[in-house]
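Just so you know, all these numbers are worked out from the coordinates, no wet-lab data involved. Remember, predicted model here, so these are calculated numbers, not experimental data. A quick note on method: Cβ atoms are made from the backbone with ideal geometry, for glycine too, and the neighbour counts reach across all protein chains shown.
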Amino acid sequence: MSDYICHDFKTPRNDTSKRLPDTFKAVPLFFYLTLAGSAYFMTMDWMSYKRAQELKVEAEARKTELDDAAKKLIDEKSVLDNETAKAGLLAKWMEGARNVQPITTAIARAMPPEVRLSDLSIERSEQVPSNLSLSLRINGGSAAEVGLIETGLSRLQYRSFSPQQSKNEEVIEYRSTLVRQEQ
């Protein structure tokens, strides 16, 4: 018997190919380097993705904040526009306001001493502030006094528009809209 416990049943073979070149030993090295590089780039991509998500959340928060600020500014602008419109209407109304003292003086001077004014009312319209509504009552007068009043008002650059006149006994009621004649 033999002293060997293990027998080698392999027969020598001469038909096998040659060994691989030594440069092929680098293939596993490239595999592991590629695996490490892929892991590195995947980690960097994942970190970039998370950072992009954080930046997106911050940008959305800033956008919401800016949208709220813009909405607030638009609301303030609309309030200011409304105030400007009101101020423009008031300025237009004030432009139409003329001093009524010369009108009342012209009417009083047009009356002869024996005729009395019992009621004189001058009102302005909100729609057309430059027009004045004149209403007066004359005691003891005639249509000639109405002509004198119209002449006095025409000197002040006012003309009567749709005058109405009625006479009850000795009282003459006269109503007219005074329109300013522009030069």
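By average Cβ neighbour count within 10 Å, what is the ranking of 103-111, 49-57 from highest down?
Details: 103-111: 15.9, 49-57: 10.0.
Result, highest mean first: 103-111, 49-57.
Suppose R0 equals 41 Å; then what is the FRET efficiency for residue 83 and residue 162 from their Cβ-Cβ distance, rounded to the nearest 0.05?
For R0 = 41 Å, the calculated efficiency reads 0.70.
Could you sort the peptides 130-138, 150-158, 86-94, 24-32 by per-residue average Cβ neighbour count (10 Å cutoff), highest mean leading? List each step's numbers first, then the result.
Working: 130-138: 18.2, 150-158: 15.9, 86-94: 11.1, 24-32: 9.4.
Averaged packing, sorted descending, gives the order 130-138, 150-158, 86-94, 24-32.
Taking only Cα atoms, what is the 0 to 90° angle, nearest 10, from helix 143-155's long axis to the longest principal axis of the chain?
50 degrees
Please turn the phi angles of region 135-140 into ³J(HN,Hα) values with the Karplus equation 6.51 cos²θ - 1.76 cosθ + 1.60 (θ = phi - 60°), one per residue in order, whole Hz, x for glycine and proline.
Per residue, the Karplus-derived 3J(HN,Hα) values read 9, 8, 10, 10, 9, x Hz.
Got the relative contact order for the chain handy, in percent, Cα pairs under 8 Å and 6 or more residues apart? Don't skip to the answer; put the middle values down first.
Values: 156 pairs, mean separation 26.4, N = 183.
Reported as a whole number, the value is 14 percent.
Sequence gap at least 6, Cα distance under 8 Å: using those rules, report the relative contact order of region 99-180 to the nearest whole percent. Write out the running numbers ahead of the final one.
On the way: 138 pairs, mean separation 25.7, N = 82.
Result for region 99-180 is 31 percent.
What's the magnitude of the charge dipole for the chain around its Cα centre, counting Lys and Arg as +1 and Asp and Glu as -1 at the beta-carbon? Answer in Debye, nearest 20.
Here the chain has a charge dipole of around 560 debye.
Taking θ as phi - 60°, what are the ³J(HN,Hα) couplings along region 78-90 by the Karplus curve (6.51, -1.76, 1.60), each to the nearest whole Hz, with x for Gly and Pro?
Along region 78-90, the couplings run 5, 5, 5, 5, 4, 5, 5, 5, 5, 5, x, 5, 5 Hz.
At q = 0.13, 0.22, 0.24 Å⁻¹, what base-10 log of I(q)/I(0) does the Debye formula yield for region 99-180 when every alpha carbon is treated as an equal point scatterer in vacuo?
The computed values of log10 I(q)/I(0) come out as -0.36, -1.03, -1.22.
State the Cα centre-to-centre distance between region 18-90 and region 116-160 in whole Å.
Between the Cα centre of region 18-90 and that of region 116-160, the gap is 77 Å.
Taking a virtual spin label 7 Å from the Cα of residue 105 along the C-beta vector, which residues in region 152-183 bring their backbone nitrogen under 18 Å of it?
152-158
If you look for lysine pairs in the chain that are eight or more places apart or on different chains, how many of them have Cα atoms under 29 Å apart?
Number of lysine pairs found: 12.
Once you list every other residue whose beta carbon is under 14 Å from the beta carbon of residue 82, what net charge do they have if Lys and Arg are +1 and Asp and Glu are -1?
Counting the neighbours of residue 82, the net charge comes to -2.
Would you compute, from DSSP H runs of 4+ residues alone, the mean residue ellipticity of the chain at 222 nm, taking -39500 (n - 2.57) per run and dividing by the full residue count, rounded to the nearest 500?
About -18500 deg cm²/dmol.
Taking the chain as the reference, fit the longest principal axis to its C-alpha atoms, fit the long axis of helix 101-110 to the helix C-alpha atoms, and give the angle between the two in degrees, 0 to 90, nearest 10.
For helix 101-110, the angle is close to 20 degrees.
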